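Asks: To start, I am sharing the structure in question, which I have written as structure tokens.
What follows draws every value from the coordinates through simple rules; no lab data is involved. Because the structure is predicted, anything quoted here is derived from the model rather than measured. Quick reminder, even Gly has a Cβ in these numbers, built from the backbone with ideal geometry, and neighbours come from all protein chains shown.
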Amino acid sequence: CNAIDLNACIATIEQQVGHVLWIKYAPPIDRDLKHLKKLVSSKVKALLCFGEGVENAYNSFMDELELFVKIESVEEGIILANKYAQKGDIVLFSPGAPNYKFFESTSDWNKEFSDAIDRLTKKKSEKK
């Protein structure tokens, strides 16, 4: 999906079969997220959230989730998602908003995610 478009993220979550662990960026704007409660309640198992608007996301979804974790980076989100995910769960990195403070483009988001996955995979293979 277009990772920074919230509507594209919603459509992606709706299409998933299984529980979603959503790694999401929370922008500093006080955005009304109440319209997402039903979707989050039915599809999202955990929200791993970073950014200046984490408190708003927490207040919007705390009653709808099994797990809400404030994270500091995409890599931390991937590590925790790997820890909490069970067979059949889907880990979705879909920020839902642009963040030009840390990333200049969607390609930068994708590279950060891919690099973090590669590091985690490498660590797991070294343990074997």
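Asks: For the chain, what does the helix formula give at 222 nm: sum of -39500 (n - 2.57) over DSSP H segments with n ≥ 4, over the residue count, nearest 500 deg cm²/dmol?
Replies: -14000 deg cm²/dmol
Asks: Follow-up. Given an 8 Å cut-off on Cα distances and at least 6 residues of separation, report the relative contact order of the chain as a percent.
Replies: After rounding, I find 34 percent.
Asks: A further question on this structure: Find, among the GluC sites (Glu not before Pro) in the stretch 1-94, those assigned to loop by DSSP (not H, G, I, E, B) with at most 11 other beta-carbon atoms within 10 angstrom.
Replies: Those satisfying the criteria are Glu66, Glu72.
Asks: Given a cut-off of 31 Å, name the pairs among Lys70/Lys122; Lys43/Lys127; Lys45/Lys122; Lys43/Lys111; Lys70/Lys127; Lys34/Lys122 whose C-alpha atoms lie farther apart than that in the structure shown.
Replies: Lys43/Lys127; Lys34/Lys122
Asks: ³J(HN,Hα) across the stretch 34-44 via Karplus (A = 6.51, B = -1.76, C = 1.60, θ = phi - 60°), whole Hz, x for Gly/Pro?
Replies: Each residue's phi maps through the Karplus curve to give 4, 5, 9, 4, 5, 4, 4, 4, 8, 10, 9 Hz.
Asks: Could you pull out every residue, at least 5 positions away or on a different chain, whose amide H is within less than 5 Å of the one on Ile23? Hs are placed 1.01 Å off N in the peptide plane, and Pro or chain starts have none.
Replies: It is Leu48, Leu92, Phe93, Ser94, by chain and number.
Asks: Separate question: What spacing in nm lies between the two simple spin-label points modelled at Ser114 and Asp32, each 7 Å away from Cα in the Cβ direction?
Replies: 3.9 nm
Asks: If you average 1/r over every pair of different alpha-carbon atoms in the chain and take one over that average, what Kirkwood value in Å do you get?
Replies: Evaluated on the chain, it is 14.8 Å.
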